[in-house]
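What follows draws every value from the coordinates through simple rules; no lab data is involved. Here the structure is a predicted model, which means the values were calculated and not measured. Using ideal geometry, Cβ is built from the backbone for each residue, glycine included, and neighbour counts are taken over all protein chains shown.
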Amino acid sequence: MLRYASAWLGGLSLSVLSSTASAEWTINMTKGVTEVSHSVFNLHMTIFWICVAIGVIVFGVMFWSMFMHRKSRGAVPAKFHENLSVEILWTVVPLIILIGMAVPATKTLIDIYDADESDVDVLVTGYQWRWQYSYLGEDVNFFSNMATSRDEISNAAEKGPNYLLEVDEPLVIPIGQKVRFLITSADVIHSWWVPALAVKKDAIPGFINEAWTRVEEPGIYRGQCTELCGREHAFMPVVVEAKTQEDYAIWLAEKKELAAREAELKDKDWTLEELMERGERVYASACASCHQPNGEGVPPMFPALKGSDMVLNDVAGHISIVVNGSPGTAMPAFGRQLSEVDLAAVITYERNAWENNTGEMVSPLDILEFNEGQ
Amino acid sequence: MSAVIDNHHADHAHGPAKGPMRWVLTTNHKDIGSMYLWFSFAMFLLGGTMAMVIRAELFQPGLQLVAPEFFNQMTTMHGLIMVFGAVMPAFVGLANWMIPMMIGAPDMALPRMNNFSFWLLPAAFGLLVSTLFMDGGGPNFGWTFYAPLSTTYAPPSVTFFIFAIHLAGISSIMGAINIVATIINLRAPGMTLMKMPLFVWTWLITAFLLIAVMPVLAGVVTMMLMDIHFGTSFFSAAGGGDPVMFQHIFWFFGHPEVYIMILPAFGAVSMIIPAFARKPLFGYTSMVYATAAIAFLSFVVWAHHMFTVGIPLTGELFFMYATLLIAVPTGVKVFNWVSTMFRGSLTFEAPMLFAIAFVILFTIGGFSGLMLAIAPADFQYHDTYFVVAHFHYVLVPGAIFGIFASAYYWLPKWTGFMYDEVLAKTHFWMSFVGMNLAFFPMHFIGLAGMPRRIPDYNMMFANFNMVSSVGAFMFGATQLLFLFIVIKCIRGGPKASAKPWDGAEGLEWTVPSPAPYHTFSTPPDVK
């Protein structure tokens, strides 16, 4: 018994030692990189020091009594049990302190709520469990998935420094410009948070919330979803890359060109192998978190695709459920999220992966026909 | 404790029935109070076990012990069980035992309903816990069960969860009606409202809060039930519904609910501190008014839980100001407790230790509450571990230390024996250290940016999470010592006199220890 305990303690001290190398003992909020985040930090510190001051006085009196007015020191209890002027004083003074605190808080809040006259507008949409960024008026639109590997999470591989806080494609914004975020969700409630920008806003289905930022320094700023959104809630990071305005313009032009090339793909003649290859990638980013990489799902919430009757025998049903979703369940309508090419690829992949082997191919043209037919 | 044959009026008074049916059929407030307390402690251990699972998984980064879907069930069930199964029933148990004895009443006003409201609880929580073994698992959407995660996206067992909440809610409403009826109607002659002990006062106000908000909770879960099974769209945006409305309704229940969990503790501590300071409570009248003011304000601050949902600026400002205002009556209470201790003649038995820790640590929880009230700063705190630290500071050393203080204070009256003071002080210090070790670092990891309700985190949060887990294991293990102390005290020990605490005041200390099965069959005269 003792041996186990000491082995455990040994392991504990080892892991403490090894983790101090990379981990920090951060104890305070970040100051952030925007004017708003600075004023939020100042509010935080002001109210903190007010609390400390009140605490020192109240606990000071308390500890004084606990030390000086002990029965063992022969203290004789006083008889007083009220004092009107003291009671009025300690009602009025806190009230004045609170008003003093409310004034700067109100100013900052009014500032935070003023999202008018923005230079760049980005629609942020939360999905289980990734973010979509659409640059309004720019025809640029992409998903941002967590890039940390499952091996790192299951401790099979060494964890990188940005463990759980890294994505395949970050949101890119220009510095020095007012960027407005329009935040919504396609399924459950999420919350989009970047501590360094002091922006946190819930992404709610059926609502479009507003937030804004103006970053002064180029850099990469990391955050996470902060509203419980299901199983993979811990695994939908937010990464914002602030670039200089020149770099931002170059990036935007590249993205537009890429989008144009993607759009042409649907007229191409696809082979089964090409669709399978693309489908595997789409499946990993859009489907695997629920239906699992091995297609076995997590029944009854997320049914298995491997050996599923619909996948094996019902092409029309399969296309329909992927495009339109299944109302009343967790299955979203991917028709609004994925291109025709990606839809065709992922459906083809599902029909042929994990020993499903139907040998059937669904082409982008089939999806287009399906969309026109409904 | 053999059955007590009442030593006077043997012709009509009688002791408890024999055998297990005594507990099933009892209408005696002391029996029902004991059952509530035992049930609550069992739930405390069960909910605590789930907390241990959570802290074990969070001991290190990476997924080690449980899958994320099970982790979410643990956080959800831990919250639900602690709130509805441990804290609330413990205070109802204390109310059952003590309120009739404090106001000189022979029993609760509605004894049969009292029995029913207790026995609904094992049914409710049996049902709730059974969902863990169902297909798809138990509730996994957090104890706040925000729609649509808890409706469209919920596991099938959510229907059982809804029914369990209904049962627990009916139990609470009946318990509250019983307490109001008892306090209004059964006070001994001469016991005017402003002579009532503070525990009675705070419970009277709490009972009104319960009657006001439990139906709101029942309403919101019924709307969920309709959305899930009957095709309505209260909370489904796709059908024209409003997910934010869920949060408004939930927190209209939820904010008064947090005061339901703390006001009775305020009352108990307001009786314990004067007893061990040997000095009357400072500002009795202002305590009563402050409690009423807090209860009133608790109805107009709900949206401070929703600062990030995008309510309009004016709404944001209103709820910020109203929330800051709560600090005033709460401050009055803290100042009153400190002034009661000031120039007293203090001793530090276990009830007093827990009561003092209550005042200090609850105040720290109040400070972080004040910080959270500042809406712009809340954008950084919201749904991080800072919030977890805040509400555990008001609930663990608040509600739960209040319950421990009460238990040690009144154990001699319940059992007729003194508890083991050395063990009780050990229990206090281990709980005190463990609790602070577990919850204080959560302020830091929250400010550093760790969201709540995640089973895995970046390495920058690793050190404090490990400290926190060690503290939590220590706190958890220590509670088994409490069980041992209580059993030891029931089985024997130094005989307790009718009034074992020399500074204690109140009618409960005028009856022998242990309190006879029936007390105050003839009302006492209160001067």
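Structural remarks
- Put simply, the amide H of residue A:172, placed in the peptide plane, has neighbours under 5 Å in A:241, leaving out anything fewer than 5 places away on its chain.
- Scoring B:314-321, A:149-156, B:257-264 by mean Cβ neighbours within 10 Å over their residues and listing the highest first yields B:257-264, B:314-321, A:149-156.
- Among B:134-147, A:117-130, the peptide with the highest mean count of other Cβ atoms within 10 Å heads the list, and the full ranking is B:134-147, A:117-130.
- Each peptide in B:154-166, B:79-91 gets a packing score, the mean of other Cβ atoms within 10 Å over its residues, and the list from highest to lowest is B:79-91, B:154-166.
- Segment A:156-171 - phi-based ³J(HN,Hα) in whole Hz, Karplus 6.51/-1.76/1.60, Gly and Pro as x: 7, 9, 4, 7, x, x, 9, 2, 6, 10, 10, 10, 5, 9, x, 6
- Mean partner shielding of peptide A:180-186, defined as the number of other chain Cβ atoms within 10 Å of each residue Cβ, is 1.
- Listed residues A:113, A:283, A:221, most fluctuating in chain A (Gaussian network, C-alpha, under 10 Å): A:113
- Per residue, the convex hull around the alpha carbon atoms of segment A:127-217 comes to 114 Å³.
- Cα-centred dipole magnitude for chain B, charges only on beta-carbon of K, R (+1) and D, E (-1), debye, nearest 20: 1160
- Average projection, convex hull of the Cα set of chain A: 30.0 square nanometres.
- Projected label points at residue A:38 and residue A:369, each 7 Å from Cα along the beta carbon direction, are separated by 6.2 nanometres.
- Per the Debye calculation on the protein assembly as shown with a single equal scatterer at every Cα and no solvent contribution, log₁₀ I(q)/I(0) for q = 0.05, 0.08 Å⁻¹ amounts to -0.32, -0.78.
- Local electrostatic count at residue B:415 - Lys and Arg +1, Asp and Glu -1, tallied over other residues with Cβ under 11 Å: +4
- Distance from segment A:153-211 to segment A:245-278 (C-alpha centre basis), Å: 24
- Ranking A:223, B:164, B:492 by Cα position along the charge dipole of the protein assembly as shown, where only Lys, Arg, Asp and Glu carry charges on their C-beta atoms, puts B:492 farthest toward the positive end.
- Averaging Cα coordinates gives a centre for segment A:296-342 and one for segment B:139-193; these two points are 39 Å apart.
- Summing Cβ point charges (Lys, Arg +1; Asp, Glu -1) relative to the Cα centre of the protein assembly as shown gives a dipole of roughly 5620 debye.
- Largest GNM mean-square fluctuation across A:41, A:80, A:143, computed for chain A with C-alpha springs under 10 Å, falls on A:80.
- When the alpha carbon gyration tensor of chain B is reduced to an equivalent ellipsoid, the three semi-axes, largest first, read 37, 26, 24 Å.
- Mean-position separation - Cα centroids, segment A:40-119 and segment B:355-407, in angstrom: 15
- Computed over chain A with a Gaussian network model linking Cα atoms closer than 10 Å, the most mobile of A:312, A:258, A:95 is A:95.
- In order along segment B:42-55, the phi-based Karplus estimate (6.51 cos²θ - 1.76 cosθ + 1.60, θ = phi - 60°) of 3J(HN,Hα) comes to 4, 5, 4, 5, 5, x, x, 4, 5, 4, 5, 4, 4, 5 Hz; Gly and Pro are listed as x.
- Segment B:337-426 - charge dipole about Cα centre, Lys and Arg +1 at Cβ, Asp and Glu -1, debye rounded to 20: 240
- Listed residue (A:99, A:56, A:39) projecting farthest to the positive dipole end of segment A:26-113, Cβ model: A:56
- Per-residue Cβ neighbour rank within 10 angstrom, fewest leading, A:139, A:309: A:309, A:139
- Amide H contacts of residue A:212 (H built 1.01 Å from N, in plane; Pro and chain starts excluded): A:181 sit under 5 Å, all sequence-distant by 5 or more or on other chains.
- Sequentially through segment A:36-45, phi angles give Karplus couplings (6.51, -1.76, 1.60; θ = phi - 60°) of 4, 5, 5, 5, 5, 4, 5, 4, 4, 5 Hz, Gly and Pro residues having no value and appearing as x.
- Look at the stretch A:31-44: the mean tally of other chain Cβ atoms within 10 Å of its residues' Cβ atoms is 2.
- In the structure shown, the pairs A:79/B:499; A:31/A:178; A:200/B:333; A:159/A:256; B:488/B:527; A:71/B:527 are assessed against 31 Å; a Cα-Cα span above that value is assigned to A:200/B:333; A:159/A:256; B:488/B:527.
- Most positive-pole-ward Cα, B:444, A:113, B:275, against dipole of the protein assembly as shown from beta carbon charges: B:275
- Under 5 Å between amide hydrogens, built in the peptide plane, is the criterion, and for residue A:164 it picks out A:148 among residues at least 5 positions away or on other chains.
- The orientation-averaged projected area of the convex hull spanned by the Cα atoms of segment A:268-373 comes to 6.1 nm².
- Shielding of B:378-391 by partner chains, average beta-carbon count, 10 Å: 4
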